[in-house]
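The values are calculated or read from the model by the stated rules, or taken from the named source; none is laboratory data. From a predicted model like this one, the values you see are computed outputs, not experimental measurements. Please note: Cβ atoms are built from the backbone with ideal geometry, for glycine as well, and neighbour counts cover all protein chains shown.
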Amino acid sequence: MPASITCLWPHLEQPLPDGRDCVGQRHRHVVSRTPQLCHAQSDRRQSQHVARRKAAMRSVLQKSKQMPLRLQRGVAAIEFALVFSVLFLGIYGLVTFCGVLYVQQVVSRAAEDGARTAQILGGNISTADLQANVRTAIYRSLALSAITPITAGGTPSAKETWIRARMADTPPAVNLLPAEVEIRVSYPYRANPLVPPLPLTASWMPDRLSGRATASR
C-alpha cells in the first residue's frame, strides 16, 4: 500500500497520509455542499423559467405590433359583436319577462275591479245591466294601465275603445252564481305584446293572460 494517497476530489488536491481520511473528508465535503447545490439548481431553473416567459411575452407583443391595423380593427369588431349580442339577448329576455308579469298583474286587478263593482251593485239591477256595468269597469281598469300602445291614443276613452276592439272575440265573462259572482278576464297577449318580439321568438310569448275574481252577492 503506498505511503500517501492523492485525493481525487477537485477541492482537495493535497495528498493525505491515509486513504480513509481522504474518503471521509470527501464525504463530509459532499454532504455539506449538497443543500447549496440544490438551492443553486432551483434558482437556476426558476430564472430560466422566468426568462422563457419573458421571451414568449416579448414575441407576442412583437407579433401584435406587427399585425396590420385593419386586422386589429376586424378582431375588435368581432369581439364587440359577440359581447353585444349576448348582452342584448339577456336584457331583452329580462324586459320581456317583466312585461308579461306587468300585464298579468293588470289583468288580475281588472278582474278584481269587476268583482268589486258586481258586489257594490248587488241585486238592485237586472242581470244584463249588471254584466254590462261589470264589463265596463273591467275595460276602464285595463285602460288606466300602460298596456295600450301610443297609437291607441292618450285619453282613457281612446284606450278603452282600443281594448274593447282587441277583446271583442273574448269579452270578460260575468257568471252569476247563487251565492257569488265570478269574473273571468282573458287578454290576448301574443297578438298585443307589451314588448315587440324578435324574429322567431313570437311563439315564446303566452297566447293569453287570464285573471279570475269572485265576490259574494
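Tabulated results
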{"read-out": "Selected residue (criterion: nearest to Pro172 (Cα to Cα)) from residues of the range 182-207 that are exposed (fewer than 13 other Cβ atoms within 10 Å of the Cβ) and not aliphatic (A, V, I, L, M)", "value": "Asp207"}
{"read-out": "Which numbered condition Pro206 fails, given (1) part of a loop (DSSP other than H, G, I, E, B); (2) over 23 Å from Arg116 (Cβ atoms); (3) free of Cβ contacts under 8 Å to residues at least 60 places away in the same chain", "value": "(3)"}
{"read-out": "Of the criteria (1) assigned to a helix (DSSP H, G or I); (2) surrounded by fewer than 18 Cβ atoms within 10 Å (Cβ to Cβ); (3) in contact with a strand residue (DSSP E or B) (Cβ under 6 Å, 6 or more places away or on another chain), which one Asn175 fails", "value": "(1)"}
{"read-out": "Some residue of the range 40-63 being out of contact with any helix residue (DSSP H, G or I) (no Cβ under 7 Å at 6 or more places or on another chain), within 30 Å of Leu194 (Cβ to Cβ) and at pLDDT 75 or above", "value": "no"}
{"read-out": "Only one of Arg166, Arg140 that is among the basic types (Lys, Arg), in contact with a strand residue (DSSP E or B) (Cβ under 7 Å, 6 or more places away or on another chain) and over 14 Å from Val100 (Cα atoms)", "value": "Arg166"}
{"read-out": "Residue satisfying condition, being part of a helix (DSSP H, G or I) and either over 28 Å from Val95 (Cα atoms) or modelled with pLDDT under 95 (or both), within set Val195, Val134, Val181", "value": "Val134"}
{"read-out": "Some residue of the range 128-136 being surrounded by fewer than 16 Cβ atoms within 10 Å (Cβ to Cβ), over 19 Å from Gly211 (Cα atoms) and in contact with a helix residue (DSSP H, G or I) (Cβ under 9 Å, 6 or more places away or on another chain)", "value": "yes"}
{"read-out": "Cβ-Cβ under 7 Å pairs, at least 6 apart or on other chains, the range 103-126 side assigned to a loop (DSSP other than H, G, I, E, B), far side surrounded by fewer than 19 Cβ atoms within 10 Å (Cβ to Cβ)", "value": "Gly122/Arg217; Gly123/Arg217"}
